Amino acid sequence: MRKHPNIILSIVGLSLLLSSNLSVANEKEELALVLKQLKQVKQSLLKSEIVSGTEQSERYHFNYKAIQNDIDQVMHGIESYISPTRSQPRSLNFPVIEGEYQNE
């Protein structure tokens, strides 16, 4: 029995087309979940900062302020995507993420 690849491709294409509207909703739900998780990460970082009692005079310490700022920028970007305020072209002036969280 010979399989028909065109029929299989048509079925796959049709299922992708039908699920495309669902994928947009799922994407926003997933991004909302990411926002929730980032809020939890920020809370954990705050607790870690309090527990560590790291003094700026120590040679090595974790830069909590830098990572908090980076997480805020990522969260702002996700929130802007999920709930755009207007349909204007995006600005190409993206903030720079530090990425270095250990100070020497």
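Among residues of the range 18-40 that are farther than 13 Å from ASP72 by Cα, those with a Cβ under 7 angstrom from a residue that is modelled with pLDDT of 90 or more and part of a helix (DSSP H, G or I), sequence gap 6+ or separate chain, pair up as LEU31/ILE78. Across the range 1-55, the number of residues qualifying as under 22 Å from the mean Cα position of the chain (by Cα) and either at pLDDT 70 or above or among the hydroxyl-bearing types (Ser, Thr, Tyr) (or both) comes to 26. Taking the range 29-85 as the range and being among the acidic types (Asp, Glu) and assigned to a helix (DSSP H, G or I) as the test, the residues that pass are GLU29, GLU30, GLU49, ASP70, ASP72, GLU79.
The values are calculated or read from the model by the stated rules, or taken from the named source; none is laboratory data. Quantities reported herein were computed from a predicted structural model and do not represent experimental measurements. Virtual Cβ from ideal backbone geometry, glycine too; neighbours counted across all protein chains shown.
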